[in-house]
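The values are calculated or read from the model by the stated rules, or taken from the named source; none is laboratory data. Only a predicted model underlies this, so the values are computations on that prediction, with no experimental measurement involved. Cβ atoms come from the backbone with ideal geometry, glycine included; neighbour counts cover every protein chain shown.
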Amino acid sequence: MQRTHSQEIISRARQLMPGGVNSPARAFGAVGGDPVVFTHGSGPYLFDVDGNRYIDYVLSWGPMILGHGHSEVTSSIQAAVQRGTSFGAPTQAENDLAELIIEAVPSVEKVRLVNSGTEATMSAIRLARGYTQRDLIIKFAGNYHGHVDSLLVAAGSSAATLAVPDSPGVTAGTSQDTVILPYNDVSVVEDAFHRHGDRIAGVILEPVVGNMGCVPASHEFLSTLRKLTEHYAALLIFDEVMSGFRVAYGGAQQLRGITPDLTTLGKIVGGGMPIGAYGGKAEIMDQMLPNGKVFQAGTLSGNPIATAAGIATLKILRDESIYVELERKAADLAAGLQEAIGGADAHVARVGSMLTLFFHSQPVSHWEIAAQCDTERFARFFWGMLDRGIYLPCSQFEALFLSTCHQDEDIRQTVDAAREVFAGI
Ligand SMILES: *Cc1c(COP(=O)(O)O)cnc(C)c1O
């Protein structure tokens, strides 16, 4: 497959933008080589500048659950543009999207719209700290919550669980208000609460992780977090920026039957436009300005175009049969990929229409295991699939997604390609 135009555009882009990209996940750093440059998408397909077609399993890293260029979403956006692109003042559409979110997500009684998932998590942890008047936040290794300073942390080397910066520019002082623990480990989190319980403002986690590949939380882990946070009067924050409207219409909290105090949303809730949201119990949300004292604001928050895209998307997704059909197709894809793997040291993990082919023989339940995956073999798999017109996330530690547009024939082609690729890697 020829990609010479992509390569030319990327080499120019590298002179203009760091790494040639506006978000490092796109740079193909983990697989080597040049990113593909696209011109347009249609349904489950993306088309690059060299005229190649790909079946898209990245879906803009999650948002495009209805596929590219869905007619109702596109016409809602066009109608909104005609009315004006931003007012910085209330609109009816904000009520409409808020109502859809509150109706869908069990924990959300009140919500605030922001512009990205990062803003949502940043605001939710500020609210948790303001509400509880405590400083510490617990997060889990391998969970990603956007590029919020105090969440860009890594486990320290000492026995102490306080975190250290995971990026230059994050200060030691900031990182020290975060405790980082292994995912799915009940006894470690119990111990952290026994030691620091009266200082912990909240626990933030992806209830189904997408950002170390697809890794579900065990029921015991989620129910322990719920009990501990209640006992110590800390807030449980589900970061459902990826899992919200993805693993079920009401997110992982609906699927797993555990209700957090606060929820963060993004990706699908904006229907492909920049939106984030955070919400939860009214009593907690009312601590935000202007009702309360916790500050958070945004010039473009509740933007009419992004809001229109979100409303159109959620109105379509409200039909639960969509998730039944996504589940069936995703199960077919997972079974097909598992069969293509044959005897290789790899397996497919899946929750709903989120899945990851891990190059590891054991189930992945936390970051220490994920980190042992054969990432070089993954890279060979990735390029083999790309050359057969299958666009997968360019890292072992990302989930791939299905849209309502992927047809059985697309899945069959994908599985055939995987079988061929596995024969050669
Ligand atoms: C993508 C993601 C974020 C960050 O959202 P942005 O819109 O990229 O800022 C936060 N949390 C989770 C779980 C995500 O998947």
Taking Asp50 as the residue in question, decide whether it is among the charged types (D, E, K, R) and not in a helix (DSSP H, G or I).
yes
Any residue in region 271-286 that is among the aromatic types (Phe, Trp, Tyr) sitting within a Cβ distance under 6 Å of a residue that is crowded, with 24+ Cβ neighbours inside 10 Å? List the pairs, counting only those 6 or more apart or interchain.
Tyr278/Ala120; Tyr278/Ser123; Tyr278/Ala124; Tyr278/Thr264
Considering only residues that are of a type in the set (S, T, N, Q), within 16 Å of the ligand (Cβ to nearest atom) and either at pLDDT below 95 or part of a helix (DSSP H, G or I) (or both), which ones fall in region 66-120?
Thr118
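Condition check ((1) part of a helix (DSSP H, G or I); (2) more than 16 Å from the ligand (Cβ to nearest atom); (3) surrounded by 17 or more Cβ atoms within 10 Å (Cβ to Cβ)) across all residues:
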{"residue": "Met273", "(1), (2), (3)": "no, no, yes"}
{"residue": "Tyr278", "(1), (2), (3)": "no, no, yes"}
{"residue": "Ile284", "(1), (2), (3)": "yes, yes, yes"}
{"residue": "Gln296", "(1), (2), (3)": "no, no, yes"}
{"residue": "Ala306", "(1), (2), (3)": "yes, no, yes"}
{"residue": "Gly310", "(1), (2), (3)": "yes, no, yes"}
{"residue": "Glu327", "(1), (2), (3)": "yes, yes, yes"}
{"residue": "Ala335", "(1), (2), (3)": "yes, yes, no"}
{"residue": "Glu339", "(1), (2), (3)": "yes, yes, no"}
Do any residues in region 56-71 that are within 12 Å of Phe245 (Cβ to Cβ) have Cβ atoms under 6 Å from those of residues that are within 14 Å of the ligand (Cβ to nearest atom) and of a type in the set (A, V, I, L, M), where the two are at least six apart or on different chains, and which pairs are they?
Gly62/Met242; Pro63/Ile268; Ile65/Ile268
Condition test on Ser361, is it among the hydroxyl-bearing types (Ser, Thr, Tyr) and surrounded by fewer than 22 Cβ atoms within 10 Å (Cβ to Cβ)?
yes
Only one of (1) surrounded by fewer than 22 Cβ atoms within 10 Å (Cβ to Cβ); (2) within 18 Å of the chain's Cα centre (by Cα); (3) not aliphatic (A, V, I, L, M) is not met by Gly343, so which one is it?
(2)
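Yes/no matrix, rows are residues, columns are (1) hydroxyl-bearing (Ser, Thr, Tyr); (2) surrounded by fewer than 20 Cβ atoms within 10 Å (Cβ to Cβ); (3) more than 16 Å from the ligand (Cβ to nearest atom); (4) part of a loop (DSSP other than H, G, I, E, B):
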{"position": "Thr224", "(1), (2), (3), (4)": "yes, yes, yes, no"}
{"position": "Ala233", "(1), (2), (3), (4)": "no, yes, yes, yes"}
{"position": "Phe238", "(1), (2), (3), (4)": "no, no, no, no"}
{"position": "Met242", "(1), (2), (3), (4)": "no, no, no, yes"}
{"position": "Arg246", "(1), (2), (3), (4)": "no, no, no, yes"}
{"position": "Ala252", "(1), (2), (3), (4)": "no, no, no, no"}
{"position": "Pro260", "(1), (2), (3), (4)": "no, no, no, yes"}
Identify, by number, the condition in (1) away from the ligand (no atom under 16 Å from the Cβ); (2) out of contact with any Ser or Thr (no Cβ under 7 Å at 6 or more places or on another chain); (3) among the charged types (D, E, K, R) that Asp48 doesn't meet.
(2)
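Would a scan of region 344-366 turn up a residue that is part of a loop (DSSP other than H, G, I, E, B), in the same structural domain as Asp48 (by TED's automatic domain parsing), more than 20 Å from Ile425 (Cβ to Cβ) and free of Cβ contacts under 8 Å to residues at least 40 places away in the same chain? Can you show your working first?
Initial filter on region 344-366 (part of a loop (DSSP other than H, G, I, E, B)): 344-346, 352-353, 359-366.
Now narrow it down to the ones that are in the same structural domain as Asp48 (by TED's automatic domain parsing): 344-346, 352-353, 359-366.
Filter once more, so that each one left must be more than 20 Å from Ile425 (Cβ to Cβ): 352-353, 363, 365-366.
Those still in the list that are free of Cβ contacts under 8 Å to residues at least 40 places away in the same chain too: 363.
Yes, region 344-366 contains at least one residue that is part of a loop (DSSP other than H, G, I, E, B), in the same structural domain as Asp48 (by TED's automatic domain parsing), more than 20 Å from Ile425 (Cβ to Cβ) and free of Cβ contacts under 8 Å to residues at least 40 places away in the same chain.
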